[in-house]
Structure formats: C-alpha cells, structure tokens
Amino acid sequence: MKIKSLSLLAAAASLVLLAGCATEPGPFTPQDTTRYTVENTEKFVLLDKPTQTSVTCTGLQERVLGDGRLEVVANVKNRENRRIQVQINAVFKDEQGFSTNDETPFQTLILAENSTEAVRFTAMNTLAKKYTIRVRQAR
C-alpha cells in the first residue's frame, strides 16, 4: 500500500513540475491599457483621485490665432461646496499626437464653491494641432 501511494505521489509531483515548465510561444503583442494612454486620447485629464471627485470640465473652446498658433479655453468647474485649489497646464501636440515640446507650466487655480473659471492656453508655435489640458491637486 505504501509503494502504491508513493508512486501516486511521485506521479502527481512530476505532473506539477511538467505543468510549471509549460510556456506559451512568444513574442507577445503589447497590451493597451487606459491607465497610460488617457493623456493620448483625451483633451481634458484629471491626474489624481481628489480632482476626479472635485473638478469637471464644462466646455473646451479651440481656435487658431491670426499667426497660426492654437489657443484653447477650458471651462473648469468646482463640483464641491467648498473652495478648492488645483493646478492646471496644457500640453500641445502635433497632428499625429506627439508633443511639440510646448508644455505650459502648471498654474494654480483657486475655485470658489460650485464656481466655473475659464482658463486660457496659447501654443508657442504653429506646430500645435492637438492638446491635453491636465489638472491635479495643488501641491
């Protein structure tokens, strides 16, 4: 009886070892996740949890200035019943969505209770065709 149970145990152990060595053939295609691509696909991005619950965008206006530069106005709304302070910036991109190395510095925006403020951004050059407005909690 002991020999039978030992051989059964040995067979089970070898199956476990062989199953652990099996691998799928490669190479693998990259898996797309929204966690890292949201700034490439959206025009208005909230960078952290506190701003996701406190801030929203009620509208974006885009226009090309006479000199060919892109100007964007974002209407940023405080959804809270308290005053909040956030930081906001814009990243300008070319036609294919690549950065034109034209990123505004983060500026502090103080929003009163349930208020909406218009924030204006202007590209430094004429390469900008797309953009992302980013908002984060004030640091």
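No value in this document is a laboratory result; all are computed from the given coordinates. Keep in mind that what you see is a predicted model, and the values were worked out from it rather than measured. Every residue, glycine among them, receives a Cβ derived from its backbone with ideal geometry; neighbour counts consider all protein chains shown.
Summary table below
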quantity	calculated
Using a Förster distance of 25 Å, the FRET efficiency for residue 125-residue 75 (Cβ separation, nearest 0.05)	0.50
Flagged links, alpha-carbon separation over 18 Å, of 49/129; 43/130; 93/129; 43/77	49/129
Computed over segment 42-137: relative contact order in percent, which uses C-alpha pairs under 8 Å that are six or more apart	38
Footprinting exposure proxy for 102, 67, 94 (fewest neighbouring C-beta atoms within 10 Å first)	67, 94, 102
Extended-chain gain in nm, criterion 0.36 nm per residue less alpha-carbon gap, residue 48 and residue 116	22.5 nm
Virtual paramagnetic centre 7 Å along Cα→Cβ of residue 138, amide N under 20 Å, in segment 60-90	74-90
